[in-house]
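Quick note: the coordinates plus some simple rules give every number you see, no bench work behind them. What you see is a predicted model, and the numbers here were worked out from it, not measured in a lab. Counting neighbours? That spans all protein chains shown, and the Cβs are built from the backbone with ideal geometry, glycine included.
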Amino acid sequence: MATDAHAASALAWAATALAVLLVAVGALARSAAPVHVAVALLGALLLLRHDLRLLLAPAYGGGLLVIEELATRSIELAGVRMLGRGVMGARAAAAGATAALGACAGALAALAVTGAPERSLALTAVGAAAIVVAFGAIGRLGRRTRAEPPAPAGPPSVHPQRAAALPVEELPNERVV
Amino acid sequence: MTGSLSPRVAGLLAVAGAGAVAALASGRPELAVLAAPLLLFAGVGLALAQRPRVSASIELDRDRLLEGERARATVTLANHGASRAEVELLLAGSALLALEPPGPVLVGVAPGATTTLELTALARRWGAHSVGPALVRVRDPLGIRAWSGQLGGRLALRAFPREQRLRELVAPLATQPFLGSHVARVRGEGIEFADVRPFAPGDRARQVNWRATARRGALYVTERHPEHASDVVLLLDTFAEARGGAGGTLDAAVRAAAALARAHLARRDRVALVDFGGTLHWLEPAFGTAQLYRIVDALLASEIAFSYAWRAVESIPRRVLPPTGLILAITPLLDERSLRLLADLRRRGADVTVIEVSPFAHTPPGRTESDAVAHRLWRLQREAIRARLQSLGIGVAVWEEDAMLGPALEGVNRFRRSARRSLRV
Amino acid sequence: MTLLAEIALVAIAALVVVAAVARLPRGAPPGLRRRGLPPPARPAQLERLERLVSVSGASALQAHAHLRPLLAEIAARRLAARGLALGRMGDEAGRELLGERLWDLVRPGRPFPEDRTAPGVSASELAAMVRVLESL
């Protein structure tokens, strides 16, 4: 048992280090793919625990979302030279609120699972149907291109008043013959 | 604006899907619980994201400046939509216009609000530049969708070349019968002394040279050289250039052309411009400030246009090349076509002088031994080309861009004086 | 039987997930970028010389046909500035002023090389000739 726990701990640390490396690679390469592989790896690490998995899962899931948000945000901001006020705060608040909501939804799901009967074909069918419905709906949302009204044109770009002195000086004492 | 999904959506759904399917297959519900926040985030983001209604306008505080100066660009963003818009903005501009900050700017605009950004545009070089439009990418509050497009218009910003003040110019051989600043060879009314001769019927009393008359006992009059204007044609070679990281020979050639145009027009000469290269443009000779503006405007549009076309003197309209005018060819002497043109003009009796814009500052030797030898051979070849032109009676002023142009022109004036004596130019 | 059915249900769920992810539109490109400065332009006049130097090293025929006229013109112009004419120079005077190798290449009336596969003028030989010309 002690040996198993030690091995699991070593595996967890190794996997965490790999996940950190993948996030760094994603940030350098400006690609979200390594970040998502890292998130999946970190999620799988929960299985190394033998106890309290279901209790920890909602908060752990929220934490994975925060990691994903921070990493992809850093990729988005890689080339940006100037940040306006409130930009980071607004996005962090929105992501944090969604993570909290997701954690709550996860907690509710965990509660429901706790009271559920043993594994059965019917339960598997319900689960499969839920996946099909959820991913089918989200897939449709992702491909949606609704015809929205166009944005207003806005005021035209303006030239400055031509009051500034011309940098080409007049010729002195010009006399045209 | 074109809408697209953030690359993270596919990743989020893949990870959430893997967790959900793994939970189903393994019977471990905690995997599905892990996946729930990711799935919820993607679903909520996709459901709530709405096409933004953002507009932008761009203002410049000036539309003309000298190269090396800055203009201020103000971009006003307005959000007409119902939700907050995160706008990543990059102001487009000509390649030779350095916009600060150089990269994109990220701002948030609340619904119904406007935000103003101030950027500066530095004109690295002369030319007709443009500022705008604004390239934007607008994201929803969760960063799930993005809409890209262009907002605002394109504004012109003209950067004029910095000119050297020239005191010494190439003295033309022939002048025109218009009042100007050059001492003409002919004799007439003027200030410069020419000769003393016996009085002839028609001479005016004030022309009488009393000292000579008293010495010789007969009436003698003083003859003078009048001051006339001349015709000058600036011939800008745009067949080829040498360009390094910071600039090229065309940049220097345009500055020299602008300085020469100003100096000659200030001396009441008529100045024409011929842009001779892959494309051919010209301005007929004229006087005054208006001509200076026309020439500078035409110079701003100069660029190297690659072409295999063989151009000859006949391509240039006769009215642009006055028969007794001084032709100042500003060229890096890099293309055989420009050398042929100069020789042709000279053989037709034109008064031609070359201002050679040295390409060496922009063309370091190559790294291999063979390329280093080629570079030294190139210097010798260019000296031979210069000698070839000089043997035809064409003076060549070699000008390094960071030096003053005046001393180079003094040197060519000395050559022209000695060439006149020996070659009857 | 139950197991097969469960496997089938899991497979269907997995297929739907894969299809949903695969059919998503492509993501936006990484960032907004502005055009950079125009790239350096090396003059064709110099590039031709670099090719000539390289080709002349490999072939006596190329050296005679292309390098020789260039070196002859340069030598003639530089000698003319000293009041000398390359065309009227004797072998002895030519060798003394230009050196054996350069004189052999630029002397008037030099015939085409008989052995067209013979090596030409190497970069180091050419460097020595250029030194001589620069010193004139």
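Give, rounded to the nearest 20 debye, the magnitude of the charge dipole that chain C has about its Cα centre when Lys and Arg contribute +1 at Cβ and Asp and Glu contribute -1 at Cβ.
Rounded to the nearest 20 debye, it is 760 debye.
On the Cα set of the stretch A:1-51, report Rg and Dmax in Å, please.
According to the Cα coordinates of the stretch A:1-51, Rg and Dmax are 12.8, 42 Å.
Take the alpha-carbon centre of the stretch C:60-118, take the same for the stretch B:35-101, and report the distance between them in whole Å.
Centre-to-centre distance over Cα atoms comes out at 67 Å.
If I take R0 = 30 Å and measure r between the Cβ atoms of B:Arg165 and B:Glu118 in this structure, what FRET efficiency does the formula 1/(1 + (r/R0)^6) give, to the nearest 0.05?
So the FRET efficiency works out to roughly 0.30.
Is it possible to state the helix-based mean residue ellipticity at 222 nm for the protein assembly as shown, with each DSSP H run of 4+ residues giving -39500 (n - 2.57), the sum divided by total residues, to the nearest 500 deg cm²/dmol? What is it?
Counting only the DSSP helices, I get -15000 deg cm²/dmol.
Stretch B:Ile191-B:Ser83 to full length: gain in nm at 0.36 nm per residue minus the Cα-Cα span?
So the chain would gain 30.8 nm between B:Ile191 and B:Ser83.
For chain B, what relative contact order do you get, as a whole percent, if you take Cα pairs closer than 8 Å and at least 6 residues apart?
With pairs under 8 Å counted, the relative contact order is 12 percent.
Kyte-Doolittle mean at least -0.5 and Cα extent at least 27 Å along the axis: which DSSP H helices of chain B qualify? Walk me through the numbers before you get to the answer.
On the way: long enough: B:7-26 (29 Å, 1.52); B:29-48 (28 Å, 1.96); B:369-391 (33 Å, -0.80).
What comes out of the filter, once short or polar helices are dropped, is B:7-26, B:29-48.
Mind putting a number on the dipole of the protein assembly as shown about its Cα centre? Charges go on the C-beta only, +1 for Lys and Arg and -1 for Asp and Glu, and I need it in Debye to the nearest 20.
Using Cβ point charges on Lys, Arg, Asp and Glu, the protein assembly as shown gives about 1960 debye.
Which order do the peptides B:34-41, C:93-100 take when ranked by the mean count of other beta-carbon atoms within 10 Å per residue, highest first? Provide the component values of the computation, followed by the final result.
Working: B:34-41: 28.9, C:93-100: 16.2.
Taking the mean over residues of other Cβ atoms within 10 Å, the ranking is B:34-41, C:93-100.
Along the Cα→Cβ direction, 7 angstrom out, place labels at C:Ala128 and B:Arg347. What is the inter-label distance in nm?
Each label point is offset 7 Å from its Cα along the Cβ direction, giving 4.0 nm.
When you count, for each residue, the other Cβ atoms within 10 Å and take the mean per peptide, how do A:98-110, B:313-325, B:126-138 rank with the highest first?
Packing order, densest peptide first, comes out as B:126-138, A:98-110, B:313-325.
Would you please give the FRET efficiency between C:Ala5 and A:Ala130, computed as 1/(1 + (r/R0)^6) with r the Cβ-Cβ distance and R0 = 25 Å, to the nearest 0.05?
Step by step, r from the Cβ atoms, then E = 0.90.
With the dipole of chain C worked out from charges on the C-beta (+1 for Lys and Arg, -1 for Asp and Glu) around the Cα centre, which of C:Ala93, C:Leu49, C:Phe112 lies farthest toward the positive end?
C:Leu49
Give the Rg (one decimal place) followed by the Dmax (whole number) of chain B, computed from C-alpha coordinates and expressed in Å.
Cα-based Rg and Dmax for chain B come out at 33.4, 136 Å.
From the convex hull of the Cα coordinates of the stretch B:229-423, what is the mean projected area in square nanometres?
Here the figure is 11.2 nm², rounded to one decimal.
Take the Cα atoms of the stretch C:45-135, build their convex hull, and give its volume per residue in Å³.
Looking at the stretch C:45-135, the number lands at 92 Å³ per residue.
Hey, got the Cα dimensions of the stretch B:54-160 along the principal axes, in Å, largest first?
Taking the Cα atoms of the stretch B:54-160, the three principal extents are 45, 21, 17 Å.
Dividing the convex hull volume of the alpha carbon atoms of the protein assembly as shown by its residue count, what do you get in Å³ per residue?
Cα-based convex hull of the protein assembly as shown, divided per residue, equals 267 Å³.
Just name one of A:Leu83, A:Ala8, A:Leu18: the one whose Cα is farthest towards the positive end of the charge dipole of the stretch A:5-94 (beta-carbon charges, Lys/Arg +1, Asp/Glu -1).
Selected residue: A:Leu83.
As I understand it, the value is the acute angle between the Cα axis of helix C:44-58 and the longest principal axis of the Cα atoms of chain C; what does it come to in degrees, rounded to 10?
The angle comes out near 70 degrees.
Give, as ranges by residue number, the residues of the stretch A:102-116 whose backbone N falls under 19 Å from the point 7 Å along Cα→Cβ of A:Leu55.
Counting only backbone N, you get A:103-116.
Report the calculated FRET efficiency for C:Leu15 and B:Ala98 (r = Cβ-Cβ distance, R0 = 51 Å), to the nearest 0.05. Don't skip to the end; give the middle numbers.
Values: r = 53 Å, r/R0 = 1.04.
Plugging the Cβ-Cβ distance into 1/(1 + (r/R0)^6) gives 0.45.
For chain B, modelled as a GNM with alpha-carbon contacts under 10 angstrom, which of B:Leu24, B:Leu265, B:Leu151 fluctuates the most?
Largest GNM mean-square fluctuation: B:Leu24.
Going toward the positive end of the dipole of chain B, with +1 on Lys and Arg Cβ and -1 on Asp and Glu Cβ, which of B:Thr324, B:Val33, B:Thr115 do you reach last?
Selected residue: B:Thr324.
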